[in-house]
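The values are calculated or read from the model by the stated rules, or taken from the named source; none is laboratory data. Since the structure is predicted, the reported quantities are computational estimates derived from the model, not experimental observations. Glycine gets a Cβ as well: all are built from the backbone with ideal geometry, and neighbour counts include every protein chain shown.
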Amino acid sequence: MAQAAKLGTLTDDLINAIAASTPRKDARQFRHSKDSALRTFKSQQHVRVNQFEIDARLEGLLEKFHVLNNEPLADALKPRLDELAAIPNKWRPETLALLLALSDRPAEKTDINKALEVIPDEPVEQLTWADIIADDPLTEEGIWDDVDIESDYSEHCAPSLSDESVGEPTTSTHSSSLDAQDVVSFARAFVVPKDSQALNKVKDLRDRMTGMHSDSEVTELQAARQVLAMLHGTPTDLFSHGSSDRIRAKYSCRIQNVAPSTSDRVLQEFALLGSQIMIVRQFVASSQQSVVLQSFQAAVQARLHELGKVLSKIEQGFLQPHNSAVVSLISMHAEIDRTSAPLVHLASLIPDNSLRHNVQALQLLNRLFEQACSLQLIGEDDESASVSRLLLDCLSPYLRPVKLWMIDGKLIASNELFFVRSDDQHSDRGSIWHSRYTLLKNADGSIFAPSFMQSITERIFRAGKSVMFLEALGRKPDVSERSARSLTISQIMQSIDNTLLPFSEVFTIALTQWADALEGSEITTLRKVLVSQCGLQTAIEAINHLYFAANGACFQDFAYAVFQRMDRGNGWDDRFLLTELAQTAFKAIRAVDSDHITVRVKPRSDHGHGAHQRRPDVMGRIILDYSITWALQNVLTRATLAACQEALTILLRLYRAQYLLNQQEWTLNIISDRSNERRVKELMALRQRLSWFATTFRGYVCEMLSVVMKQLNTDLEATADVDGMVAAFDTFQSNLISKLLLHEDLAPIRGSLLAMFDLYEDLALEWRDAVKQVSNHTSRPTPRQLVIQQNYSARRSRPEIDDTADLSEGEEEANSGQYDQRSVLSVPSLSKEYNRQLSFLLAGLRSVSRIEGEPAWIMLSERLQWGITATERR
């Protein structure tokens, strides 16, 4: 019955609440709705809510509050759930289920302040004198004997505790040093009665200091506290930050009992010191990417911590009651200045933030080195030692990639501080020594490395490349040697006992010894491998035979075979036939691998048709290639082989001249029959001079090639590494170009030499024409003369044409006409051209020999002059 009555009451309240929002039509309808709702409630049979599921959901809700960092809401909900669980009620699960169903994002929408206001705080009982007297009556004998009636802390006395800002100025902070028995007086020292007048004075002093009033005065102790706070990096009232991030003192604040000029000067020095320390603090708080700058940050932060300890110790001396300290800004400045001197030096070493981080790191290392040297020179040994230790700490991470490069030949791709760069990992193996790795350089040409490492950068670069080269050749670095490469620069510096040496000298010695320890034996091993296993000496001998005609017989066989094909006409420049001729000619030479020889002919380029260009340079188009291994190509560069090719071209021109002169020996008997004729005499005299010139110039060229080759072998024996070998070949190339007149500045002399070689072709034409005329006027030519005449007619020389072009019949006739016109040139004109070119050649050689001082050119000019003198005597 009780439950039915309660259900009816709840139903009435629910229907009344619903009906209140809608107009009620009549009482009968309201009663009918009420009865219908009661019957519906009574007829419903629902299953009870699972209380364990409700508890689990509530635990999950508490955990959700903790995860969302809403600790106050979780702390407010937990005790209320515990309190609700302690109250016996069988409908508690249903009630909580209804609340959970009605909840809408409680973690976001719940106001914790309103939730806490639901439970009123219990009133805290105040302690009264009645309670104290009830527990401990004031009736004991002698309880008022120790009371100091005249104490300043009595409520009957007027003023309260005097603050330092309103009391008498003092110059010391003598502690009270109370005895252990005077407990009451010691307790009164911590009781400060409320004094509104003193508090107003303190507030007024603060406002006047902040407002920069001219009548603001502080005690020296207050100024000392402000200075210490400023040096700690906290805001103060006595100092302010300027527009340029510099700390400035508020000079309108005066220090009591101190002259304004003195206080201003001391505060100004403290402000300057604080500005420098602030720069260091800002650098320590900044984010740095370079490991060198990060190491510098860590070291500076440690020194800032040491300075903070000193400042705290000074401040502690003013606060401890068992010590007496004299407050003096000047003495405090002397102590702080002495302690912060290393930190102030570091402030001047901080690099510019506008630069890239790798440039900042190098700038920092250079400044640390210069600072350590400068401090030692002026006698600041302690500060110099501190900066040198900091330099070694910052240099250690910089040298890690250097050590990895020298030992393993590897680079860290993301390292922008190391001065070695990998340009192309997939470059041709024949150029890995020269192009795969390069040195990063500054705009002024110096290597991108600290100034104190400029002397060993080339060694570092060479050591790493040697390791990389050996790995490419299939030889791994010796692991047993790595244990001997663990020395650090600091350990080496400690082992140097001579204390009289300057820091720069000691550091340079240590750095050099460190590089020596890391260099290892890979450099010398690589040279031995190139010489012994890769066949460097054999390749040099092959070049000497192929390009320098060390074996004259084999070279002459090849050259004469090419000349014979050339005189036959079209088709002589077939590369396969020329290659076969070269391989057959040099096959007998042991040092030459004939399978590596190829000969090709370059297409003829377009030239002008001036008087100086008599015919195309056929010899310059013949190219002889000799294949060498990729390892040797890193030493024997393409530029060196190109210079050897130029020497080959000169030899081919000389052998061509000798070949034409040798052909004329067969017809000397025919010419001698008409030796009384003037033309024949002039022709034989011209042949004599040209033969002498070819012999003299050929002797000079062969002698120079021998000298240059001997010098190359001597230089190679004296080298200790690959760079030395490359330098030896560079010297060889330079000497070859110089002695064979191949410099670009000597182009006029080379043009004169080409004109001289053209005269041999002109002489051959004139000689053949003379032989033909002599044979036609001979009454009874001998059978030998007829054979020679027929052979010359069959090999009638024609101007060389481009074999790759298709010429029409008209163009061939034109070329033939041009030959006929060239063939009727007079012998005196050829002699005149010879004299002109020889005179120009002598004058040019003497001129350049005086300027350059090349003895070989002087020797050549003298030999050519001998021929002219001998001709004039005859």
Among the residues that make up the stretch 336-343, is at least one of them farther than 25 Å from Leu487 by Cα and of a type in the set (Gly, Ala, Ser)? yes
Restricting to the stretch 243-266, what's the tally of residues that are within 45 Å of the chain's Cα centre (by Cα) and either modelled with pLDDT of 75 or more or of a type in the set (D, E, K, R) (or both)? 5
Just to be sure, is Asp516 without any contact (Cβ under 8 Å) to a residue 12 or more places away in the chain, out of contact with any Asp or Glu (no Cβ under 6 Å at 6 or more places or on another chain) and over 19 Å from Cys644 (Cα atoms)? yes
So Ser240, is it more than 30 Å from Arg367 (Cα to Cα), at pLDDT below 85 and outside any helix (DSSP H, G or I): yes
Quick count over the stretch 558-587, residues being part of a loop (DSSP other than H, G, I, E, B) and more than 53 Å from the chain's Cα centre (by Cα), is 4
Please go through the stretch 530-583 and give me each residue that is touching a residue at least 12 places away in the same chain (Cβ under 8 Å) and among the aromatic types (Phe, Trp, Tyr), ordered by number. Tyr547, Phe548, Phe555, Phe558, Tyr560, Phe563, Trp572
Close pairs (8 angstrom Cβ cut-off, 6 or more residues apart or separate chains): farther than 14 Å from Pro106 by Cβ in the stretch 50-71, part of a helix (DSSP H, G or I) and aliphatic (A, V, I, L, M) anywhere: Ile54/Leu96; Ile54/Ala97; Ile54/Leu100
Within the stretch 430-468, can you find the residues that are basic (Lys, Arg) and surrounded by 15 or more Cβ atoms within 10 Å (Cβ to Cβ)? Arg436, Arg459, Arg462, Lys465
Quick check: anything in the stretch 292-299 buried (at least 19 other Cβ atoms within 10 Å of the Cβ) and over 29 Å from the mean Cα position of the chain (by Cα)? no
Name the single residue, out of those in the stretch 740-757 being closer than 19 Å to Gln645 by Cβ and hydrophobic (A, V, I, L, M, F, W, C), that is nearest to the chain's Cα centre (by Cα). Leu742
Would you mention how many residues in the stretch 562-587 are surrounded by 13 or more Cβ atoms within 10 Å (Cβ to Cβ) and under 22 Å from His545 (Cα atoms)? 14
Looking only at the stretch 617-627, filter to residues that are at pLDDT below 90 and among the hydrophobic types (A, V, I, L, M, F, W, C); which one of those is surrounded by the most Cβ atoms within 10 Å (Cβ to Cβ)? Met619
Could you pull out the residue among Val300, Val292 that is aliphatic (A, V, I, L, M), assigned by TED's automatic domain parsing to the domain that holds Met230, more than 30 Å from Leu228 (Cβ to Cβ) and part of a helix (DSSP H, G or I)? Val292
Given (1) in contact (Cβ under 8 Å) with a residue 40 or more places away in the chain; (2) surrounded by fewer than 19 Cβ atoms within 10 Å (Cβ to Cβ); (3) in contact with a helix residue (DSSP H, G or I) (Cβ under 6 Å, 6 or more places away or on another chain), identify the lone condition not met by Phe318. (3)
Kindly check whether there is at least one residue in the stretch 518-537 that is more than 25 Å from Gln376 (Cα to Cα), modelled with pLDDT of 85 or more, of a type in the set (Gly, Ala, Ser) and surrounded by 15 or more Cβ atoms within 10 Å (Cβ to Cβ). yes
Among the numbered criteria (1) of a type outside the set (Phe, Trp, Tyr); (2) at pLDDT below 90; (3) surrounded by fewer than 17 Cβ atoms within 10 Å (Cβ to Cβ); (4) in contact with a helix residue (DSSP H, G or I) (Cβ under 8 Å, 6 or more places away or on another chain), which single criterion is violated by Arg614? (3)
Note: among Phe283, Phe318, just one is at pLDDT below 80 and either assigned to a helix (DSSP H, G or I) or under 25 Å from Ala372 (Cα atoms) (or both), namely Phe318
Gln29 is checked against (1) in contact with an Asp or Glu (Cβ under 8 Å, 6 or more places away or on another chain); (2) part of a helix (DSSP H, G or I); (3) modelled with pLDDT under 80 and fails just one. What number does that condition carry? (1)
Looking only at the stretch 729-753, count how many residues are over 19 Å from Ser849 (Cβ atoms) and either surrounded by fewer than 19 Cβ atoms within 10 Å (Cβ to Cβ) or in contact with a strand residue (DSSP E or B) (Cβ under 7 Å, 6 or more places away or on another chain) (or both). 2
So is Ile543 at pLDDT 85 or above and in a helix (DSSP H, G or I) or not? yes
Name the residue, out of Ala582, Ala553, that is assigned by TED's automatic domain parsing to the domain that holds Leu636, of a type in the set (A, V, I, L, M, F, W, C) and closer than 25 Å to Thr640 by Cβ. Ala582
Regarding Glu383, is this residue surrounded by fewer than 17 Cβ atoms within 10 Å (Cβ to Cβ) and assigned by TED's automatic domain parsing to the domain that holds Val420? no
